[in-house]
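The values are calculated or read from the model by the stated rules, or taken from the named source; none is laboratory data. In this text, all values refer to a predicted model and were calculated from it rather than measured experimentally. Cβ placement follows ideal geometry from the backbone for every residue including glycine, while neighbour counts extend to all protein chains displayed.
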Amino acid sequence: MTNRDLNHIISLARLLHLASTIGLIFLPVAIGLAFVIGEAGIDDLRETYAEHTLPEVIGTGSYISILVIQSVGLLLTFYVLWQMRGLFAYYKSGETLTARCAGQILRIGKALVAIGVIGILSNTLIVLILTWGNPAGQRVLLVSFNDGNVGFILAGGLIVVIGWVMREAALVAEENRGFI
Amino acid sequence: MEIVVRLDVMMALRKMKGRDLAARIGITEQNLSLLKSGKVKGIRFETLARICEVLECQPGDLLEAAPTED
């Protein structure tokens with residue numbers, strides 16, 4: 001790798017490190033703000049899932065269960081940002097082809113796949129919980145996925161494969177460093 | 001068998017200092033020191049050729065296969 005290429009990586013990594021740090025701060029603040037201004041209440045759930053027949057009363061237990069399910073995806077997003085921040089920290093210090101960087105890439109990819117899968121599962125569970133209070137015959141077991149979920153799974157899978165390749169590349173680079 | 005690096009012998013014969021040789025073959029003094037002590041996994045043909053050119057010798061003058069010491 002030439003010095004010019006490395007300088008490009010370092011300068012872009014500095015920018016992306018800052019962006020992922022901002023994301024890590026912004027994400028919990030935005031979630032907290034949604035609760036403060038009342039955009040994450042039961043009425044908002046009704047609005048989001050208006051296409052389904054929902055019972056008159058959505059209990060607090062159901063609401064909390066849904067919040068817990070939704071928080072899994074958010075925690076995974078937080079985890080991805082954290083791992084990205086770590087990866088860009090290595091890159092901005094000039095460390096690129098190492099096992100540590102490959103490990104970060106692998107974790108990011110796996111977490112993105114998990115976000116896609118959780119996205120599909122959580123939608124099924126949330127709709128089931130919301131319609132559970134309906135009379136028998138009006139409860140909904142919905143299995144659906146949108147292009148966002150598929151996108152996360154494909155992008156995550158791609159990054160996992162790149163992570164494996166980078167791990168091999170890191171081994172070769174390590175071997176190469178032993179040669180003069 | 002193990003490969004023993006005889007670079008220091010050849011440098012002494014040619015009265016070449018480590019700093020000068022490192023500069024002429026384009027590697028750091030630290031790497032040259034590692035090479036002299038044999039604490040490397042290998043040497044690139046490119047590096048070997050440059051050393052041979054500067055020290056006016058053959059690869060066999062720099063490397064020797066010796067029985068492994070137990």
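Here are the numbers for this structure:
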{"quantity": "Residue under evaluation residue B:20, criteria (1) closer than 22 Å to residue A:176 by Cα; (2) free of Cβ contacts under 8 Å to residues at least 12 places away in the same chain; (3) more than 12 Å from chain A (Cβ to nearest Cβ); (4) not basic (Lys, Arg), criterion not met", "calculated": "(1)"}
{"quantity": "Residue selected from segment A:156-171 under the condition in contact (Cβ under 8 Å) with a residue 60 or more places away in the chain and among the aliphatic types (A, V, I, L, M), by the criterion nearest to the other protein chains (Cβ to nearest Cβ)", "calculated": "A:171"}
{"quantity": "Any chance residue A:89 is within 23 Å of residue A:161 (Cβ to Cβ), in contact (Cβ under 8 Å) with a residue 12 or more places away in the chain and surrounded by fewer than 20 Cβ atoms within 10 Å (Cβ to Cβ)", "calculated": "no"}
{"quantity": "Single residue of segment B:26-41 satisfying the filter (more than 10 Å from every other protein chain (Cβ to nearest Cβ) and under 20 Å from residue B:58 (Cβ atoms)) that is surrounded by the fewest Cβ atoms within 10 Å (Cβ to Cβ)", "calculated": "B:38"}
{"quantity": "Residue check, residue B:1 surrounded by 12 or more Cβ atoms within 10 Å (Cβ to Cβ), more than 13 Å from every other protein chain (Cβ to nearest Cβ) and either of a type in the set (S, T, N, Q) or out of contact with any helix residue (DSSP H, G or I) (no Cβ under 6 Å at 6 or more places or on another chain) (or both)", "calculated": "no"}
{"quantity": "Residues within segment A:102-145 that are in a loop (DSSP other than H, G, I, E, B) and either of a type in the set (A, V, I, L, M, F, W, C) or touching a residue at least 12 places away in the same chain (Cβ under 8 Å) (or both), tallied", "calculated": "11"}
{"quantity": "Residue check, residue A:6 in a helix (DSSP H, G or I) and within 22 Å of the chain's Cα centre (by Cα)", "calculated": "no"}
{"quantity": "Candidates A:79, A:63 - the one that is out of contact with any strand residue (DSSP E or B) (no Cβ under 8 Å at 6 or more places or on another chain) and at pLDDT below 95", "calculated": "A:63"}
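Quick grid of which residues meet (1) surrounded by 12 or more Cβ atoms within 10 Å (Cβ to Cβ); (2) in a loop (DSSP other than H, G, I, E, B); (3) in contact with a helix residue (DSSP H, G or I) (Cβ under 6 Å, 6 or more places away or on another chain):
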| position | (1), (2), (3) |
| --- | --- |
| B:16 | yes, yes, no |
| B:49 | yes, no, no |
| B:61 | yes, no, yes |
| B:65 | no, no, no |
| B:69 | no, yes, no |
